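The values are calculated or read from the model by the stated rules, or taken from the named source; none is laboratory data. Predicted model, so just to flag it, every value in this text is computed and none were measured. So basically every Cβ, Gly included, is an ideal-geometry build from the backbone, and we count neighbours across all protein chains shown.
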Amino acid sequence: MLSVAVSGLAHLFTVAAYTNARARATTYAAVLAQQKMEQLRGLAYGFDPSGGTVTDVDTDITVQPELPSGGAGLQSSPPGALAADTVGYVDYVDASGATLGGVAAGPPPGTAYIRRWSVEPLPSSANTMVLQVLVMRAGPRDADDNRADNRNVQGRRSAEQARLVSVKTRKAP
């Protein structure tokens, strides 16, 4: 009887350790998504003193520190930017949270997380952008984990991923 109880507890500890590791990875993905969202929201998108529109379309946020030119800034992203690694709308992060850049050749060695984002104008407002950030663990994933809508076949969010959506609106001067 004692061996059955100990065997059951061993299985419970194994399941708990696995669940904790997945929860830690999902939480870390959410933190990385929030960091990228803050970068996007910090880019210039407003009006100058004379009332003309100002939009940052040059800042490279695929590297740390950000570069003032050579990037996509708040340019509208191409279709599918959340579904595939798209230059200017993806960066790679190592296990310690350091950005490894957004190279075109795919994830560099040491990549622990892939961070993708999209920037789209809101169809009903010329002065509002929809910002989305998707972060997922690097490594082998099935087709459902790579979907842009971040849902698996059962309609639940895929494990170890985080997706944030926000809007950025120009304010009148």
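THR86 satisfies every condition listed in (1) within 14 Å of the chain's Cα centre (by Cα); (2) at pLDDT 95 or above except (2).
Exactly one residue among ASP94, ASP145 is at pLDDT below 75 and farther than 21 Å from GLY42 by Cβ, and that residue is ASP145.
Of all residues in segment 90-108, those that are without any contact (Cβ under 8 Å) to a residue 60 or more places away in the chain and either assigned to a strand (DSSP E or B) or in contact with a Lys or Arg (Cβ under 6 Å, 6 or more places away or on another chain) (or both) total 6.
With the structure loaded, tell me whether ALA44 is in contact with a strand residue (DSSP E or B) (Cβ under 9 Å, 6 or more places away or on another chain) and not hydroxyl-bearing (Ser, Thr, Tyr) or whether it fails that test. In short, yes.
Does THR86 satisfy the criteria of being touching a Leu at 6+ places or on another chain (Cβ under 9 Å) and either aromatic (Phe, Trp, Tyr) or surrounded by 18 or more Cβ atoms within 10 Å (Cβ to Cβ) (or both)? Answer is no for this residue.
Scanning segment 15-47 for residues that are modelled with pLDDT under 90 and either loosely packed, with under 15 Cβ neighbours inside 10 Å or hydrophobic (A, V, I, L, M, F, W, C) (or both) returns VAL15, ALA16, ALA17, TYR18, THR19, ASN20, ALA21, ARG22, ALA23, ARG24, ALA25, THR27.
Looking at this structure, is ALA30 farther than 24 Å from TRP117 by Cβ and out of contact with any helix residue (DSSP H, G or I) (no Cβ under 7 Å at 6 or more places or on another chain)? Walk me through how you get there before you give the answer.
Details: farther than 24 Å from TRP117 by Cβ: no; out of contact with any helix residue (DSSP H, G or I) (no Cβ under 7 Å at 6 or more places or on another chain): yes.
No.
The rows are residues; the columns are (1) free of Cβ contacts under 8 Å to residues at least 60 places away in the same chain; (2) part of a helix (DSSP H, G or I); (3) more than 26 Å from ASN127 (Cα to Cα).
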position: THR14; (1), (2), (3): yes, yes, yes
position: GLN34; (1), (2), (3): no, yes, no
position: SER50; (1), (2), (3): yes, no, no
position: VAL57; (1), (2), (3): yes, no, no
position: SER69; (1), (2), (3): yes, no, no
position: SER77; (1), (2), (3): yes, no, no
position: GLY80; (1), (2), (3): no, no, no
position: VAL87; (1), (2), (3): yes, no, no
